[in-house]
Amino acid sequence: MKTQDQPSLLGELQMLVSRHCPHKSTKTAIDYLTLYQSETTTDPLLVIYEPRFYIIIQGAKTVKIHKSCFHYDQNHYLIATLDLPLSGRITHATPEKPYLAACITFNPEEIARIIAETRARPGARTLGRTSLGLSPVTADLLDVLYRMLRTLDNERDRDFLAPMLKREIIYCALQGEQRHVLHEIADQRSDTSRINRTLAFLRANFMDDVEAASLPELAGMGQSTFYRRFRAITGLSPLQYRKRLRLQEQDVSCSVTISWLPMRLRRRL
């Protein structure tokens, strides 16, 4: 099948996302696929980005981690490989042209299997953080996403094709500019994977006063190397990371409480 040109694919995807995303956030029948839409821009919101590909179909968004900002739109997609506390906000959205996006989650084991099967090469490694990055959107990537969304209309197609289409999305990403980011998280011996183990531990125990001295041992790294790599990969210290997790938990609790208040009181808050 010949791949459509990029503008045509974006038009088709805009219609599909609008149809299958009746709410601001819709978890689809494909377990790894969530769709988003918004007719307005948003204020910064503290969220946890689990490993994912985030593809904007229309509109634009800004994600901030510590002092680093990532601005992206339908021309670039974001790859996050760790559980990262980020501040994100939609920067371009109107009722006429709402913000539309698709999020595809993955785990390191899935990346590792496809790297092994295809013998994909990591490419040149860039300096700095290896947990977050942007790559240009290609017509091939949009074509896979288009076929993925089409399966939402047919349960039999969805059950059979969805796993293969996810593999194809990963394959496309492994050809992109941020492929070294995926290789880092897939390699269990890499610093990124070692730090990821401590992030999982901190997320599971973020309300406890964990001894910071125990984290380098958990990662299997020397103390000075651990703290240097933790900050390089996440943009935060372990204590700052735990504080972000606690703040997000407070925000979620506050949002749930506010949602039960009368509208007049919500406006005051």
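Points to keep in mind about this one:
- Qualifying residue in segment 164-181 (condition: surrounded by fewer than 13 Cβ atoms within 10 Å (Cβ to Cβ) and either at pLDDT 85 or above or under 30 Å from N75 (Cα atoms) (or both)): yes
- Exclusive hit being within 25 Å of G11 (Cβ to Cβ) and under 17 Å from the mean Cα position of the chain (by Cα), set A101, A139, A80, A93: A101
- Taken as a whole, segment 60-76 holds at least one residue that is surrounded by 15 or more Cβ atoms within 10 Å (Cβ to Cβ) and small (G, A, S).
- Tally, over segment 48-77, of residues that are acidic (D, E) and free of Cβ contacts under 8 Å to residues at least 24 places away in the same chain: 1
- Test: I48 is part of a strand (DSSP E or B) and touching a Pro at 6+ places or on another chain (Cβ under 6 Å): yes
- Some residue of segment 236-249 being at pLDDT 80 or above, out of contact with any helix residue (DSSP H, G or I) (no Cβ under 7 Å at 6 or more places or on another chain) and of a type in the set (G, A, S): no
- The lone criterion from (1) surrounded by fewer than 16 Cβ atoms within 10 Å (Cβ to Cβ); (2) over 25 Å from L182 (Cβ atoms) left unmet by K27 is number (2).
- Meets criteria (open to solvent by 70 Å² or more (accessible area, probe 1.4 Å), of a type outside the set (F, W, Y) and in contact (Cβ under 8 Å) with a residue 60 or more places away in the chain) for E155: yes
- Total residues in segment 192-219, condition open to solvent by 50 Å² or more (accessible area, probe 1.4 Å) and within 23 Å of the chain's Cα centre (by Cα): 6
- For E110, the criteria (1) of a type in the set (D, E, K, R); (2) closer than 28 Å to L10 by Cα; (3) open to solvent by 60 Å² or more (accessible area, probe 1.4 Å) hold in every case but one, which is (3).
- Residues of segment 49-59 satisfying the condition of being buried (at least 16 other Cβ atoms within 10 Å of the Cβ) and closer than 23 Å to R179 by Cα: Y49, P51, R52, F53, Y54, I55, I56, I57
- Residues in segment 230-244 that are surrounded by fewer than 20 Cβ atoms within 10 Å (Cβ to Cβ) and part of a helix (DSSP H, G or I) were compared, and the one that is farthest from the chain's Cα centre (by Cα) is L239.
- When I90, I30 are checked against the criterion of being among the β-branched types (V, I, T) and in contact with a Phe, Trp or Tyr (Cβ under 8 Å, 6 or more places away or on another chain), I90 stands alone in meeting it.
- Residue in segment 86-94 that is farther than 30 Å from S237 by Cα, in a loop (DSSP other than H, G, I, E, B) and at pLDDT 90 or above present: yes
- All positions within segment 202-235 that are among the acidic types (D, E) and modelled with pLDDT under 85: D208, D209, E211
The values are calculated or read from the model by the stated rules, or taken from the named source; none is laboratory data. Note that the structure is predicted; figures quoted are calculated from it, not measured. Please note: Cβ atoms are built from the backbone with ideal geometry, for glycine as well, and neighbour counts cover all protein chains shown. Protein only, heavy atoms only, side chains kept; ligands, DNA and RNA dropped before computing areas. Shrake-Rupley method; radii C 1.70, N 1.55, O 1.52, S 1.80 Å.
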